[in-house]
1. Mind telling me which of the residues Ser91, Ser86 ends up being polar (S, T, N, Q), open to solvent by less than 40 Å² (accessible area, probe 1.4 Å) and farther than 24 Å from Ser13 by Cα?
2. What about Ile31, is it under 16 Å from the mean Cα position of the chain (by Cα), modelled with pLDDT of 85 or more and of a type outside the set (Lys, Arg)?
3. Could you list, in sequence order, all residues of segment 29-68 that are hydrophobic (A, V, I, L, M, F, W, C) and within 30 Å of Ile97 (Cβ to Cβ)?
4. Filter segment 24-44 for residues that are hydrophobic (A, V, I, L, M, F, W, C) and under 25 Å from Met64 (Cα atoms) and give the result.
Amino acid sequence: MVGQRINTGLKKSLAQIMGTLAGSFCAVCVIGYGLHRLGVPVYGIVTGLSLGGMAIALAIRPTMENLIGGVIMFMDKSLSVGDFCSVGSVSGVVEQIGVRSTGFVPKTVL
């Protein structure tokens, strides 16, 4: 029951992210076309933005790695709520799975 609710929430989060990306792409295309029709040098602007975008991409790389890892973990279903996990000296039971993080309750190892 809890696992199904979390998976539904994760699907909604993924759908919202995809919708935002698609809407942003469409908005950029429409604005670029409008600026081109007005005579603004769009290629120079795109070149400048791409260089700035590379700097931003390098800065948010760890966050994107976590996001992609969470999506892959969701798609592969390699981990589910109720699984027992052990990482180094910390072990516990998975309680929730999100896009960027997985929550678990730590258990003491005897």
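The values are calculated or read from the model by the stated rules, or taken from the named source; none is laboratory data. Everything numeric here is computed off the predicted structure, so don't read it as measured data. Every residue, glycine as well, gets a Cβ built from its backbone with ideal geometry; the counts of neighbours run over all protein chains shown. Ligands, DNA and RNA are stripped out before the accessible areas are found, and what is left, the full protein with its side chains, is counted by its heavy atoms. Shrake-Rupley method; radii C 1.70, N 1.55, O 1.52, S 1.80 Å.
1. Matching residue, one of Ser91, Ser86: Ser91.
2. Considered against the rule, which asks whether it is under 16 Å from the mean Cα position of the chain (by Cα), modelled with pLDDT of 85 or more and of a type outside the set (Lys, Arg), Ile31 comes out as no.
3. Within segment 29-68, Ile56, Ala57, Leu58, Ala59, Ile60, Met64, Leu67, Ile68 qualify.
4. Residues satisfying the conditions are Phe25, Cys26, Ala27, Val28, Cys29.
Yes or no, residue by residue, for (1) without any contact (Cβ under 8 Å) to a residue 60 or more places away in the chain; (2) open to solvent by less than 80 Å² (accessible area, probe 1.4 Å):
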residue	(1), (2)
Lys12	yes, no
Ala15	yes, yes
Gly52	yes, yes
Ala55	yes, yes
Glu65	yes, no
Ile72	yes, no
Val81	no, yes
